[in-house]
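Below you'll find the structure, written out as structure tokens, and then a few comments.
The values are calculated or read from the model by the stated rules, or taken from the named source; none is laboratory data. No experiment lies behind these values; they were computed from the predicted model shown. Cβ sites come from the backbone with ideal geometry, for glycine too, and all protein chains shown count toward neighbours.
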There are 2 protein chains.
Amino acid sequence: MKREEFSVDCSACPIRHKAVCSRCEPDELDELERIKFYKFYPAGQTVAIRGEPLETVASVVGGVATLTRSMEDGRTQLVGLLLPSDFIGRPGRTAIEYDVTAVTDLTLCCFNRKPFEDLLVRFPHVRERLLEMALDELDAARDWMLLLGRKTARERIASLIALIVKRSTRPDGSVMGTGTRIELPITRETMANYLGLTIETVSRQLTKLRADGIIELDGKRGIIIPDLGGLLAETGDDDDGGMIF
Amino acid sequence: MKREEFSVDCSACPIRHKAVCSRCEPDELDELERIKFYKFYPAGQTVAIRGEPLETVASVVGGVATLTRSMEDGRTQLVGLLLPSDFIGRPGRTAIEYDVTAVTDLTLCCFNRKPFEDLLVRFPHVRERLLEMALDELDAARDWMLLLGRKTARERIASLIALIVKRSTRPDGSVMGTGTRIELPITRETMANYLGLTIETVSRQLTKLRADGIIELDGKRGIIIPDLGGLLAETGDDDDGGMIF
DNA sequence: CGGGGTATTGACCCAAGTCAATATCTGTGG
DNA sequence: CCACAGATATTGACTTGGGTCAATACCCCG
């Protein structure tokens, strides 16, 4: 469970520059440091369940988690993919709204809700960053609504791959252009639940995109993109919004 | 265009208790009052277009507007329904992300973006409320993702009617239980774009719900709900989240 | 009374779902 | 190191919910 792999020193934290704490001054960081604690979950483990009391909030430090909503008959929709630096939980709410599941080994930087809320009042930098992140997520959710409401299966798959490529872009800003290889952090089932499709359709469309030379499949999880432009053309998006820096 | 119908006096504003300004102290309200201005749009008019510079932000005072995202080939998805008290625009962004259209006559309480952003720094009450509203919208968007990704046409229609019923609940909290009548604020086309369906499917499912005694159609826009419980059972949601006070 | 927008209804079709068989991985223990 | 078991993924055959295309019907409003 490699508990000691992540420093307790915020200044060396891998998500220091992107998480809720990204704009904190040294003194603010000191205080965060005092109340934070890490939690680790193995792949597949449930992190939180809808309806339970919301006691802690957290930032994803490493690994991938999903935010899902399900219906009684088992139909499941992924409503958010949580990657490093993403925030989990909502200050001001007392119950959990969505199921959270670790899809890879997961490391969270946690805060008890109450102290965090207090801190939110006193630290404008955290508040501002949280608002900004909430608005970004809102935009992402709305883009996803277009995908779920109007895109074809092929466009959905292409959009998801494009999204992963975008989020895999190295923090130094270097664009991974032609000949990129990405590793899907999720199973076909999770992909299906994200895209509002079935695993069979996901599988078939991946095969078809490969047959059309848009992607190459490299083992179960690897995808090679010979031509990023070709992939983006399949997403159905007008590319003006898709600035990759 | 009934320009004078709405007071310039915030204390008499119909959305005083729900909008971004709802938590303001009298002195904060005074300052808002000085920089705000009203705009009026007739039904059908475009309010903002994706890609244009974002110069003003606003609260919906009266009427209904839609937030949409479209693809080049005309496929359109509604990503938000803006009812009185909802906020339009995103501080910190310089370009408009979604098309905004008035679907009924619309009254907006506007602020120029820059002064509003300054004010956001100084007025914690506005900031807090804006964060809260953004998080609420995020939850709403995610619930809608479940609808778009996994619900059947019938469930989608029932969910939309249930949503309108909920939002039509009078502010005094009185529940409009059995025998409620609501007025749809939108056309079949707008409904279809919200639900990720076609007008034909919307029409057919409404007819079917009527045939099954779940709703009664009263003219083009009116819907009577003889039994709210019956309607909610058709939405596919487990009802625990659906507390209507 | 007539005309343009809006809504309903019908006939047909197809993209994606369902059901089912098979293949491929991955890890585990002999 | 191999074999085997249980996930995970692919592929095929068939079905179906909702889309498409097209004809009417409705309904304000001038």
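If a residue must be within 11 Å of chain B (Cβ to nearest Cβ) and either within 19 Å of A:THR66 (Cβ to Cβ) or under 17 Å from the mean Cα position of the chain (by Cα) (or both), how many such residues does region A:132-165 contain?
17
Of the conditions (1) modelled with pLDDT under 95; (2) within 24 Å of A:GLU234 (Cα to Cα), A:ARG122 fails just one. Which one is it? Answer for A:ARG122: the failing condition is (2).
Select, from A:LEU197, A:LEU232, the only residue that is more than 16 Å from DNA strand C (Cβ to nearest atom), within 14 Å of another protein chain (Cβ to nearest Cβ), on the phi < 0 side of the Ramachandran plot and not acidic (Asp, Glu).
A:LEU232
Evaluate the following for A:THR94: is it under 14 Å from A:PHE116 (Cα atoms) and of a type in the set (Ser, Thr, Tyr)? Yes: the conditions hold for A:THR94. Residue count for region B:128-149, restricted to those that are within 14 Å of DNA strand D (Cβ to nearest atom) and more than 12 Å from B:THR235 (Cβ to Cβ): 2.
When A:LYS220 is tested against (1) within 12 Å of DNA strand C (Cβ to nearest atom); (2) in a helix (DSSP H, G or I); (3) more than 14 Å from chain B (Cβ to nearest Cβ); (4) under 22 Å from the mean Cα position of the chain (by Cα), just one condition goes unmet, and that condition is (2). Only one entry in A:GLY63, A:GLY92, A:GLY44 is within 9 Å of chain B (Cβ to nearest Cβ) and either more than 22 Å from A:ARG188 (Cα to Cα) or of a type outside the set (S, T, N, Q) (or both), namely A:GLY92. Exactly one residue out of B:LEU67, B:LEU81, B:LEU29 is surrounded by 13 or more Cβ atoms within 10 Å (Cβ to Cβ) and in a helix (DSSP H, G or I): that is B:LEU29. No other residue among B:ILE161, B:ILE157, B:ILE186, B:ILE182 is in a loop (DSSP other than H, G, I, E, B) and hydrophobic (A, V, I, L, M, F, W, C) apart from B:ILE186.
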